[in-house]
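Step one of this worksheet: look at the structure below.
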Amino acid sequence: MITWENLDKLKAFQELKAVKAVRLQEVMSGDNGAARVRNYTVPMAEGLSYNYAAKAVDDDILKVLVRLAEEAQLHEKFEDLYNGAVINTGEKRLVLHHLTRGQLGEEVIADGVNKRAFYVKQQERIADFANKVHNGEISNAAGEKFTTVVQIGIGGSDLGPRAMYLALENWARTKGLLKMDARFISNVDPDDAAAVLRSIDVAHSLFILVSKSGTTLETLTNQTFVMNALKAQGLDPAKHMIAVTSETSPIATSDEYLAAFYMDDYIGGRYSSTSAVGGAVLSLAFGPEVFAEFLEGAAAEDQTAKEQDPLKNPAMLDALIGVYERNVLGYESTAILPYSQALNRFPAHLQQLDMESNGKSVNRFGEPVDYPTGPVIFGEPGTNGQHSFYQLLHQGKNIVPLQFVGFRQNQIGMDDTIQGSTSQQKLCANVAAQIVAFALGKHDENRNKNFEGGRPSSIIIGDQVNPRTLGALLAHFENKVMFQGFVWNVNSFDQEGVQLGKVLAKRVLAHETDGALKVYSDLFNI
């Protein structure tokens, strides 16, 4: 029987607080450090691996983390989730994003519909539409092919799909698989839409409106902005726009779109990159086959999350170590540091994924919790980040756990040997050096040049960013966030914290303000 208990009620958590802390400067030095790097690693899907040698854990701490996973019933709760239990207690919904890429357990029937079959049908419809666009069967009014696809959406309808597109753009271009350039409009700031519209050939562009409810203010505002731009060029917006929405939304059957593809209430925006939300733009940009490979990579990584032994389950182990850092060591932030330019927007996506999921102060039943939950997430690709905020990471007063991501090969294949090494070798040398530098530090009598060390990090390593490895990487972090939410006993699948600002903004626009809100409104001449 599954029970949902707060973290501080678990016996293993009390044990965890009593275990002797690890001094990274000692365990990562010399032969001991070399042995840790070889031994503290867990295989992931698609040739990736999760290495946690430079985390402040040892065998004693890991044993207690295993007991914590068992007491918190992480395996059982994941099993419950993918078999269709109502895990999203705040909105009383199932949580089914895993079903968009594979069947992990039993058939899930909701609203009289087999949900795996529903998601597959949408993928097939999108694939058929994308193929017709690519072969010119669906074209613009002049009978010419569309060359650009523009996604109009915000939050999870933008951050995930944008990050995935950018991660694969150069890979696809190099492989001759870039079917259409993709652009994204998200911000209600008119400069966002205007800049995109000025950068494209509107007559040869296809626009995707993404809104589950069909009522999202920013998205509908940007849709109108785009429709007006199309009309200004004498074009019929209905022949340039498709929608990704729910079957019950007001735009689902509108004649203002060439086609509509469906999502449902069981997939939150930040978990929607493998649904029609990501599927439409990625299939149009790269072809349905590439999107299918992306899904296969995610599905393969989901299988590793089913492993019952936490020490062989990369996402669960990553989650448990993160809980130890947050709730025992007291670290408030985590930095995501991909040493790959392809992943330049991946940290922004993970900000939403993690902070919107686990930035909660009440448990699944609406009761206050007395311990910290999700960390602050930030990041930037290396090596650029090294010349930005690494100063604080190395010598600041706050210790920030680090999650590196690195690849042995670049995507484009263009490189040169300069001063005895290639650019890719220099990139990889930097990430290896940073891990050790953060862990060991360097003593110097000049305090300004002293590095304390003891800064924990992990790294996910692979050969190259491609559709399969990207899918696996995405699924790893989605599952990590899920497991941490289980441990903290919070609902990782609602987001009430985004609502209040929206409500007040509507009051401002309706001129129904008083007090400070009215004065702020007046400052902007609203």
Distance between the C-alpha centers of segment 378-405 and segment 161-190? Whole Å please. 27
With each label point set 7 Å from Cα along the Cα-Cβ vector, what nm distance links GLU124 and LYS312? 3.6
Two-decimal log10 I(q)/I(0) for segment 148-225, as the Debye equation yields it once each C-alpha is a single scatterer, q = 0.12, 0.14, 0.16 Å⁻¹: -0.34, -0.46, -0.59
Can you check how the C-alpha radius of gyration of segment 317-397 compares to 2.2 N^0.38 Å, as a plain ratio? 1.23
Consider all pairwise Cα distances in segment 230-326 and report the whole-number % of them above 21 Å. 55
Give the calculated FRET efficiency between ARG23 and ALA429 to the nearest 0.05, with a Förster radius of 22 Å applied to their Cβ-Cβ distance. 0.25
Just list whichever of LYS11/LYS92; LYS239/LYS506; LYS312/LYS480; LYS312/LYS360; LYS115/LYS480; LYS63/LYS480 have alpha carbons separated by over 21 Å in the model shown. LYS11/LYS92; LYS239/LYS506; LYS312/LYS360; LYS115/LYS480
Report the residues of segment 484-511 in range of a label on VAL519: point 7 Å along Cα→C-beta, backbone N strictly under 20 Å from it. 504-505, 507-509, 511
Considering every pair of different Cα atoms, what Kirkwood radius, in Å, is found for the chain? 24.4
Taking the highest mean first, how do the peptides 253-265, 234-246, 294-306 order by number of other beta carbon atoms within 10 angstrom per residue? 294-306, 234-246, 253-265
Normalised by the empirical 2.2 N^0.38 Å for globular proteins, what value does the Cα Rg of segment 1-135 take? 1.52
Could you give the length gained by full extension between GLN499 and ASN344, i.e. 0.36 nm per residue of separation minus their alpha carbon distance, to one decimal place? 53.0 nm
Cα centroid separation - segment 455-477 against segment 67-117, whole Å: 24
Highest average packing first - 403-411, 359-367, Cβ atoms within 10 Å: 403-411, 359-367
Heavy-atom accessible area per residue of segment 110-242, all protein chains kept, 1.4 Å probe, expressed in Å², is 42
Solvent exposure, largest accessible area first (probe 1.4 Å, DNA, RNA and ligands not counted), of GLU107, GLU293, GLU5: GLU107, GLU5, GLU293
How far is it, in nm, from the label point at ASN450 to the one at SER388 when both lie 7 Å from their Cα along the line to the Cβ? 3.0
Expressed as a whole-number percentage, the relative contact order of the chain with C-alpha contacts under 8 angstrom and at least six residues apart is 20
When we measure straight from the Cα of LYS397, which aspartates and glutamates land under 15 angstrom away, once same-chain ones fewer than 8 places off are left out? GLU332, GLU452
Using a 1.4 Å probe over the heavy atoms of the protein chains, calculate the carbon and sulfur portion of the accessible area of the chain as a whole percent. 50
May I ask you to derive the FRET efficiency for ASP189 and GLU289 from their Cβ-Cβ distance with R0 = 51 Å, giving the value to the nearest 0.05? 0.90
Give, as a single signed number, the net charge of other residues whose beta carbon lies under 15 Å from the beta carbon of ILE459, with Lys and Arg counted +1 and Asp and Glu -1. +4
Alpha carbon centre of segment 1-51 versus segment 234-268: separation in Å? 46
Of the listed peptides 512-519, 477-484, what is their order by residue-averaged count of other C-beta atoms within 10 Å, with the highest listed first? 477-484, 512-519
Simple SL model, points at 7 angstrom along Cα→Cβ for THR253 and THR147; separation in nm is 3.9
Amide H proximity to ASN88 below 5 Å, modelled H, separation 5+ or other chain, gives ARG93, VAL95
Multiply the residue separation of GLU106 and GLU70 by 0.36 nm, subtract the distance between their alpha-carbon atoms, and state the gained length in nm to one decimal. 10.7 nm
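The values are calculated or read from the model by the stated rules, or taken from the named source; none is laboratory data. Since the structure is predicted, the reported quantities are computational estimates derived from the model, not experimental observations. Ideal geometry is used to build each Cβ from the backbone, glycine not excepted, and the neighbour counts take in all protein chains shown. In case anyone asks, the SASA skips ligands and DNA or RNA and just uses the protein heavy atoms, side chains included. Shrake-Rupley method; radii C 1.70, N 1.55, O 1.52, S 1.80 Å.
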